[in-house]
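Have a look at the structure below before the remarks.
Nothing in this text is a laboratory measurement; each read-out follows from the coordinates by a stated rule. Computed from a prediction, not measured in an experiment: that's the story for all the values here. Reconstructed Cβ throughout: ideal geometry from the backbone, glycine too, with neighbour counts over all protein chains shown.
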């Protein structure tokens, strides 16, 4: 039974419209998206994937729903709202689910409230602890849409979005629901930036995945939401794989065993050979251990000739939303792309000779034909691994 990704709404540091995003992903002149800011790290300017511009106003929502993460989700939802409302009308609110990934919820609002309490001795009137509960965004989306099907959040750090999408597909295949709003959303916060900083994982420059000079990642934010149904659509979620390393709390298994298991499951479920994959969106954080592990896994499972790139130098690492955003880039690459434009890999061009060699997609590169199958990798803290295969509908 096939699950189709009928519609996509997305917002990230590259923009939100499909045309705007394709233009940024396929550009050959200069990288976009990243801006240097001290907003989340006073006294330490850092490259960040900020979402610039206005977001939907939160003031009219119940207090528990007022957060930047939910505003990002609302912006992504707005692009697909007509199709989602039609699905609710067609199937009924009890047959529509909301399954999203996330890791920060309302942490920025919690930070502001804690600062207020430190100054004034009590909590501000515009703060409610439910804003920062992990299930906040799924609860918010179910409320704003008026749906009554299952609504829950998957929180497995950087693999949250893909695992939420796999959960959505399982609900559809089991016949529990007929449509799912699925993807991920996360907002930047000082807490997150400080946490990654304490691990020594942040780069002071635009990240350089696969480079011999790579020295860490950039953080970002955003949201990507799909309408997933069993009804034929332009792109299929043809396969997914999930595994757990049980190796280390923050470092991946250097052998890539868990990553290879997830990739292999995704290929098997999709029913396609490794040689059929036209492009791989790497997890590609730019950290030494991740890139070494992932290059090994991709080379052994998908080969050294498939085109690969990391889009995190354009968006930053959007945490629980990252995998959903990158699945969105795969969706955009499969649809209305007759010349096979590939998302370019922006870096210094100096491949690390100590890691497995891969064929890096140059900015502006094209296959010369439409893409048929795209793989997207997400590898998280705690060894939580996920791989999605998206295919032409």
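Would segment 1-154 count as rounded, prolate or oblate if I go by the C-alpha gyration tensor, calling it rounded below 1.5 in a/c and otherwise prolate when a/b exceeds b/c, oblate otherwise?
oblate
Is the chain best put as rounded, prolate or oblate by its Cα gyration tensor, with a ≥ b ≥ c the root eigenvalues, rounded for a/c under 1.5, and otherwise prolate when a/b is larger than b/c, oblate when not?
Values: a/c = 1.60, a/b = 1.13, b/c = 1.42.
It is oblate, given that a/c is not under 1.5 and a/b is not larger than b/c.
What does the extension gain come out to for residue 348 and residue 268, with contour length at 0.36 nm per residue minus their alpha carbon separation?
Extending this stretch completely gives an extra 25.3 nm.
Quick one: if the Förster radius is 25 Å, what FRET efficiency do residue 112 and residue 20 give, using the C-beta to C-beta distance and rounding to 0.05?
Once rounded, the FRET efficiency stands at 0.25.
Suppose each label sits 7 Å from its Cα in the direction of the beta carbon; what would the residue 289-residue 304 distance come out to in nanometres?
Going by the 7 Å Cα→Cβ label model, 2.6 nm.
How would segment 257-371 be classified by its alpha-carbon gyration tensor: rounded, prolate or oblate, with rounded meaning a/c under 1.5 and the a/b versus b/c comparison settling the rest?
Numbers: a/c = 1.28, a/b = 1.09, b/c = 1.17.
Rounded.
How high is the relative contact order of the chain, given as a whole-number percent (alpha carbon pairs under 8 Å, six or more residues apart)?
23
Work out, step by step, the length gained on full extension between residue 126 and residue 381: first 0.36 nm times the residue separation, then minus their alpha carbon distance; give nm to one decimal.
Working it through step by step, the gained length comes to 88.5 nm.
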